[in-house]
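Okay, structure first, notes after.
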Amino acid sequence: DISYADVAPGLFGLGLHRGVLFTPRFQAARAEPGVTLALGVEIRAARLERADRRTLVDASGARHGPFELVVVADGASSDVSVDVAPPRSVRHYPWGALWWIGPDPERVYRDELYQVVRSNEVMLGLLPTGRAMDADGVPDVTVYWSIRNADVTAFRGTDLGAWKKEVVAHDPRAAFAMDAIRSHDELLHARYRDVVMPRWHGPGVVWLGDAAHAMSPQLGQGANLALVDASVLADCVVRAALARYTHERRPQLGFYQLATRWLTPFFQSDARILGALRDTFMPLACAIPPAREQMVRSMLGIKRGILRRSLPLATLHAQLTAGRGPRQDG
């Protein structure tokens, strides 16, 4: 049980739909003079035609461009072929999760992510995620259930009622959510990847978000890190310095990639002893003020390493609000 306010008074976290992040930015792009949107175009390749310009090739073979800069931001499963580029290593985690989002009209879940773990094989999460952009004002709750990827097909052939009873046994408040789930097909299967790149830029191209550094979701930082990526990139584009983008993002992204990779086996793996170690030492860490503060800073998404100073919250907020990239070298 840790609170963002442990770092600074008034701090809090928000769980929200990706669509809530996407829609205002999509609307802003549509309204921006000089921006042309091409929707429904599946880009397959970004070819370097000249020293610093790239042409995009779509699934039909049509070519677009050339462009001074291509931003690859198509998620963890990115399959855009980019020539003259740094290597991109992708490792698939054996464990994923089943997800469901539904209405919580009584706001049973509010103000916290409630998570239940048993050893490191059972993990249930219930997260209030506010209202969707097109909703009628009723808040939602997101339910996730840890599952080995290889077991998903077999799970879909089991008695759904038995699984719902198991969830309710872990948290009786979840009964209304389980009543709303009518079939296995309503539970979406999410797979997780660990994406590693030595740098996130090449001639005329940069990688952003999960396409650049997907990681296990144990710390819930995917959207946060992508937003900071975009802000830093905006600043670097103005400065015409793509190498600075990699330089400025390396400390923070390096920390979170290492932290999530290290934490994952303690929550999702076959080594049960790791779950016992987690249950023993996490409460102790929460009771030690310096350790507790570092845990909260990790959840805030502002850590840049074990010994390096965290991103300053006030400065980060001011720079993101102003649309300028956060300076991370101070």
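The values are calculated or read from the model by the stated rules, or taken from the named source; none is laboratory data. Because the structure is a prediction, the values reported are computed rather than measured. Don't worry about glycine lacking a Cβ; one is built from the backbone with ideal geometry, like all the others, and counts go over all protein chains shown. In case anyone asks, the SASA skips ligands and DNA or RNA and just uses the protein heavy atoms, side chains included. Shrake-Rupley method; radii C 1.70, N 1.55, O 1.52, S 1.80 Å.
Using a probe radius of 1.4 angstrom, the carbon and sulfur fraction of the accessible surface of the chain is 57%. The protection proxy used here, the mean number of other Cβ atoms lying within 10 Å of each residue, ranks peptides 37-43, 180-186, 102-108 as follows, highest first: 102-108, 180-186, 37-43. Placing +1 on each Lys and Arg Cβ and -1 on each Asp and Glu Cβ, with no other charges, gives the chain a dipole about its Cα centre of roughly 1100 debye.
Dipole of the stretch 196-299 computed with +1 at Lys/Arg Cβ and -1 at Asp/Glu Cβ about the Cα centre; of Val238, Met295, Phe281, farthest Cα towards the positive end is Val238. Sparse packing (at most 12 other Cβ atoms within 10 Å of the Cβ) combined with a DSSP loop state is found for none of the trypsin sites (Lys or Arg not before Pro) in the stretch 241-273.
For Ile147, the amide hydrogen comes within under 5 Å of the amide hydrogens of Gly96, Ala97, Leu98, counting only partners 5 or more places away or on other chains and with H modelled in the peptide plane. Could you please state, rounded to a whole Å, how far the C-alpha centre of the stretch 104-151 is from the C-alpha centre of the stretch 1-49? Centre-to-centre (Cα) distance: 21 Å.
For the stretch 1-102, chymotrypsin sites (Phe, Trp or Tyr not before Pro) meeting the loop criterion (DSSP other than H, G, I, E, B) and having at most 16 other Cβ atoms within 10 Å: Phe12.
Each principal axis of the Cα atoms in the stretch 176-330 has its own extent, and those three values, largest first, are 51, 43, 31 angstrom. Taking a Cβ cut-off of under 12 Å around Gly125, the surrounding Lys, Arg, Asp and Glu residues balance to a net charge of -2, with basic ones at +1 and acidic ones at -1. In the elastic network of the chain, a GNM with C-alpha springs shorter than 10 Å, the most mobile of Asp58, Asp194, Asp74 is Asp58. Seen from every direction in turn and averaged, the convex hull around the alpha carbons of the chain projects onto 19.0 nm².
Computed from backbone phi with θ = phi - 60° and the Karplus coefficients 6.51, -1.76 and 1.60, the 3J(HN,Hα) list for the stretch 285-293 is 4, 5, 7, 9, x, x, 5, 4, 4 Hz; x is used for glycine and proline. Here the average projected area of the convex hull drawn through the C-alpha atoms of the stretch 1-99 stands at 11.4 nm².
Taking all Cα pairs closer than 8 Å and separated by 6 or more residues, the relative contact order of the stretch 154-288 comes to 17 percent.
Each DSSP beta bridge with both residues in the chain is either parallel or antiparallel, and the antiparallel ones are about 90%.
Taking each DSSP H run with n ≥ 4 as -39500 (n - 2.57) and averaging over every residue of the chain yields -11500 deg cm²/dmol at 222 nm.
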